[in-house]
1. So how tilted is helix 197-209 from the main axis of the chain? Cα-based, degrees 0 to 90, rounded to 10.
2. Averaging sequence separations of C-alpha pairs under 8 Å and six or more residues apart, then dividing by the length of the chain, give the relative contact order as a whole percent.
3. Give the cross-link partners of LYS77 among the lysines, using a straight C-alpha distance below 22 Å as the criterion and excluding same-chain residues fewer than 8 apart.
4. Using only the Cα atoms of region 183-241, build the gyration tensor, take square roots of its eigenvalues as a ≥ b ≥ c, and label the shape rounded, prolate or oblate: rounded if a/c is under 1.5, else prolate if a/b is larger than b/c, else oblate.
5. Of (i) 149; (ii) 179; (iii) 125, which one was derived for volume of the Cα convex hull per residue in Å³ from the structure shown?
6. Rounded if a/c is under 1.5, else prolate if a/b is larger than b/c, else oblate: which is region 122-248, with a ≥ b ≥ c the root eigenvalues of its Cα gyration tensor?
7. Would region 25-138 count as rounded, prolate or oblate if I go by the C-alpha gyration tensor, calling it rounded below 1.5 in a/c and otherwise prolate when a/b exceeds b/c, oblate otherwise?
8. Compute the distance in nm between two label points, each set 7 Å from the Cα along the Cα-to-Cβ direction, one at MET226 and one at ILE74.
Amino acid sequence: MLLRFILLLTLVALARAGEAAPHLLEAQAAEARLEVRRALELFLQADAAQPDNAFILQKIARQYSDLVDDQPDITEKKRYAQTALDYARRAVALNPADPVNVLSVAICHGKLALYSDTREKVRNSRFVREDAERALALNPDYAWAHHVLGRWHYEVASLGSTAKFFVRLFYGGLPAASFDEGIRHLRRATELEPAELTHWLELGFACLAAGQPDAARRHWAHGLAMPSRHKPDEPAKRRARAALARLDQD
């Protein structure tokens, strides 16, 4: 009787995996075509067919995160960011040793911080650094962990002394950050993944923040000459072009 029950469970698991497989293949193809909403629909279908799969949950988190900027108002942007974070946390709970899952949580905290009040911004910013460092500890050569940590360093280091004073006074402050660390991490990201244009563009912003405009121009020129392959690439290019135009006007 027990053997029959185990066999039945195995057959059910195999059937669910079989149902999920076509959705997964289609979802990954849609993701590669930058059809994020279609990819999200298919990953959700794969999740229904094969629940509690960390890979699928992380993919769902990424699609929700990528769709945040497409939402019509702050309420919807925050809802999508929170939903992304919820799925990312579930993926980490299932597979905490996967640096991609851990970094996904960091990225979702960063997205959520954009649409939160000051107290929540500070809280989420701390989580971004903690989770990026955890991901890097799991894989020291994970380019995107270097990217996220590098961006965190130069953005926090860019806060003025008055802002830092009030953050420390009312919200307990933030961990120490430096431009040098921001540049170091982002340069490492370009070394590990030279074909990812956002590493180069973000390195340009780190150099500009550190008072190195010529280096910023070089890195932006390099990144802007590369083809866009991911949904965030075009917004990143627009941001770099705008910064370059402001620099040219000075």
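Where a number appears in this text, it was derived from the coordinates with a stated rule and is not lab data. Note that this is a predicted model, so its numbers are computed, not measured. FYI the Cβ positions are ideal-geometry reconstructions off the backbone, even for glycines, and counts take in every protein chain you see.
1. On a 0 to 90 degree scale, this one is about 30.
2. 12 percent
3. LYS59, LYS111, LYS121, LYS231, LYS237
4. oblate
5. Checking each listed value against the structure points to (i).
6. oblate
7. It is oblate, given that a/c is not under 1.5 and a/b is not larger than b/c.
8. 3.4 nm
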